[in-house]
Amino acid sequence: MIAQQRAAPEEILALTFTDRAAEEMQGRVDRLVPYGYATTPIKTFHAWGDELLRENAHRLGISGELRVLGRAEVVLLLREHLFELGLSRFAPLGDPTRFLGDVAGYISRAKEEGVGADQIDTFATDLCARAETLRSETVDDEKVRRQVSAHADALQRLGEEHGELAAAYRAYRTILARSGLLDFGDQVLLAYELLRD
């Protein structure tokens with residue numbers, strides 16, 4: 001865009017997923033624009049989101065002194081509040097913390113995709129409804145009936161799992177808010193919500 005003069009450097013916001021890619025972009029801009037003239041902000045999504053959140057903390061009702069948890073800290077926080085998460089399938093009695101890393105990853109991915117707990121609940125409900133629809137189908141062939149039943153059972157199980165994860169996601173957000181904390185996913189999700197509203 002700069003090389004083709006379709007935009008001035010100060011009219012561009014360049015976002016990427018990794019620090020390495022941001023450095024590479026900065027190198028490209030430096031080759032196209034004379035030294036000292038490049039005012040193009042080049043950042044990762046998380047760094048830009050963090051900056052946006054700090055500048056607009058009052059609009060979001062959060063402290064400007066943000067403390068952002070890393071992945072390991074998120075898992076530790078989940079462990080500390082395990083029984084507030086409402087997990088059963090993902091907290092087996094023999095090892096209730098076994099899937100906390102997976103739960104943290106699921107929630108983080110949902111946040112980074114702009115998906116809230118309510119949307120996951122809707123998806124879970126839809127899966128369970130589809131399972132019921134399949135179960136109500138009349139199928140004469142025994143082999144096909146078994147396949148349809150197995151498929152319905154799988155949909156039901158997935159729906160219940162996503163419902164449980166949605167509840168854990170909701171509880172986790174409450175824990176973060178109560179503690180005055182954010183995670184990396186919040187840097188994307190809250191920035192998105194801020195821009196959307």
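Taking helices (runs of 4 or more DSSP H) that fall entirely within the stretch 34-83, which contain at least 2 residues that are outside the structural domain of ARG173 (by TED's automatic domain parsing)?
By residue number, 45-55, 57-60.
When the stretch 38-72 is examined, which residues are found to be more than 16 Å from the chain's Cα centre (by Cα) and among the acidic types (Asp, Glu)?
Those that are more than 16 Å from the chain's Cα centre (by Cα) and among the acidic types (Asp, Glu): GLU51, GLU55, GLU65.
Hey, can you tell me all the residues within the stretch 97-115 that are touching a Lys or Arg at 6+ places or on another chain (Cβ under 9 Å) and free of Cβ contacts under 8 Å to residues at least 60 places away in the same chain?
Matches in the stretch 97-115: THR97, PHE99, LEU100, GLY101, ALA104, GLY105, VAL115.
Filter the stretch 84-132 down to the residues that are in a loop (DSSP other than H, G, I, E, B) and either touching a strand residue (DSSP E or B) at 6+ places or on another chain (Cβ under 8 Å) or aliphatic (A, V, I, L, M) (or both) and list them by number. I'd like the intermediate steps shown before the answer.
First, pick out the residues of the stretch 84-132 that are in a loop (DSSP other than H, G, I, E, B): 85-99, 113-116.
Those that are in a loop (DSSP other than H, G, I, E, B) and either touching a strand residue (DSSP E or B) at 6+ places or on another chain (Cβ under 8 Å) or aliphatic (A, V, I, L, M) (or both): LEU85, LEU87, ALA91, LEU93, VAL115.
Any chance the stretch 118-126 includes a residue that's at pLDDT below 95 and either hydrophobic (A, V, I, L, M, F, W, C) or within 18 Å of the chain's Cα centre (by Cα) (or both)?
Among the residues of the stretch 118-126, not one is at pLDDT below 95 and either hydrophobic (A, V, I, L, M, F, W, C) or within 18 Å of the chain's Cα centre (by Cα) (or both), which makes the answer no.
Within the stretch 146-168, restricting attention to residues that are in contact (Cβ under 8 Å) with a residue 60 or more places away in the chain and not small (Gly, Ala, Ser), which residue is farthest from LEU85 (Cα to Cα)? Outline the logic, then answer.
Of the residues in the stretch 146-168, the ones in contact (Cβ under 8 Å) with a residue 60 or more places away in the chain are 160-161, 164-165, 167-168.
Checking which are not small (Gly, Ala, Ser) leaves us with 160-161, 164-165.
On the way: GLU160: 15, GLU161: 13, GLU164: 9, LEU165: 9 Å.
Ranking the candidates gives GLU160 first.
The values are calculated or read from the model by the stated rules, or taken from the named source; none is laboratory data. Computed from a prediction, not measured in an experiment: that's the story for all the values here. Neighbour counts are summed over all protein chains in view; Cβ atoms, including those assigned to glycine, are modelled from backbone coordinates with ideal geometry.
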